[in-house]
Structures are given as structure tokens and as C-alpha cells.
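Shown next, in C-alpha cells, is the structure this report addresses.
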Amino acid sequence: MGLLKLFKSTNQDTAYKWGLSLLEGKEANQLLLLGSDEGRNLLTLLETYPTAHVTCVESTSKDVTQKERYEIIQDNIADLSLPTKSNDLAFSFDSIYFWPDIDKCFREIYRVLVKNGSFVIINESDGKDLSGRSYQRLVQNMKVYTSDEIVKFFKKAGFKNIQTYHHETHPWITIIGQKG
């Protein structure tokens, strides 16, 4: 079993459901998912938003697919081929750890969101926990970020109304930024 598989905790689904519960009542027709974790996060969004269409961006996908309610495309998050102002919500579930030019990625996500659209980051590591910091040293090209660092990325890209949530008993964080 690879190090990355070990990093993903048995509580991952619970962490993601906790983060998504913070959006309860937020309507969306077009969702952007940045990394699907082998389809698991795609299924979570399809269940959470039963009428929305999801575009899932994978950097190394061999399973490029299009179905009625979703499509999986291979693309570069730092230079998305998606139209400007085409998504209501964008999601990253534990994927920002691997984005090489993170400032550029945030700017691209900002570009493809509609006015008042939101970018939601749900991470199992708050960047301060021992597990996340340990894996950062072991997994090549992995970088865990603290909430404060992520908020700076949001602000630099132009996001407003940035909200930060930290789980009471786990190092899970959810950060939501809105396009102005």
C-alpha cells in the first residue's frame, strides 16, 4: 500500500460530510470538482447535489468520461480549459496538497466561477497535525497548508467573504471563499 493511501484516513468520508454540511441549503447547478479520489468524491457530490452537473478535473486521468450528470476531464488546474464564469461551486477534497503553482490554481478557479460562486476546500489536515506534517516529509511533492496560509491564497486570488471552520475534535478544516 502506497504512502498516499495510508494518509487517507478511515474517517475521510466523515470529514468530507462534515465539511459539506457547512454548505447546507446552498443551491448549485454546475459544480467543479478538482480531483475525484478515484471517483469517491464525485459520487459524494452527485448525492449531495442530486440535480447538479459535475465537471471533474483530473491531472492524470485515463478515465475521461461523459455521462448525463457528470464528466471527467483531464486538465491542468493552473490553466483550466473551462469557460469563464461557468461554475457555481468548486470543490477540493484534500487535493491542494499537490498543486504545483497554487496561486495560479486559485486564480483559475476564481476565473471559472460565476459571480457570488464559491470555492470550497475540505482538508483532513490543518497543516499543524503530526500526521499531515509527517506525510508531507514522506510523499514527494506534497505540501500541507494551515488555514492561515490557505486564506492568503484565497485573498490573493480575489475571493471575498472567506469563512474558516475547524472541526472540534479532528484536524479537519473547511475553508470557503466567494467570488465577488
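Values for this structure:
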{"read-out": "Share, in percent, of DSSP beta bridges within the range 33-169 that are antiparallel, nearest 5", "value": "10"}
{"read-out": "Prolate/oblate/rounded call for the chain, Cα gyration tensor, a/c under 1.5 rounded", "value": "rounded"}
{"read-out": "For the range 26-180, size of Cβ-based charge dipole, Lys and Arg +1, Asp and Glu -1, in debye", "value": "580"}
{"read-out": "Charge dipole of the chain about the Cα centre (unit charges at C-beta), most positive-ward option of 178, 31, 42", "value": "178"}
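Computed from the coordinates by the stated procedures, all read-outs in this text should not be read as laboratory data. A quick note: this is a predicted structure, and the numbers were derived from the prediction, not measured. So basically every Cβ, Gly included, is an ideal-geometry build from the backbone, and we count neighbours across all protein chains shown.
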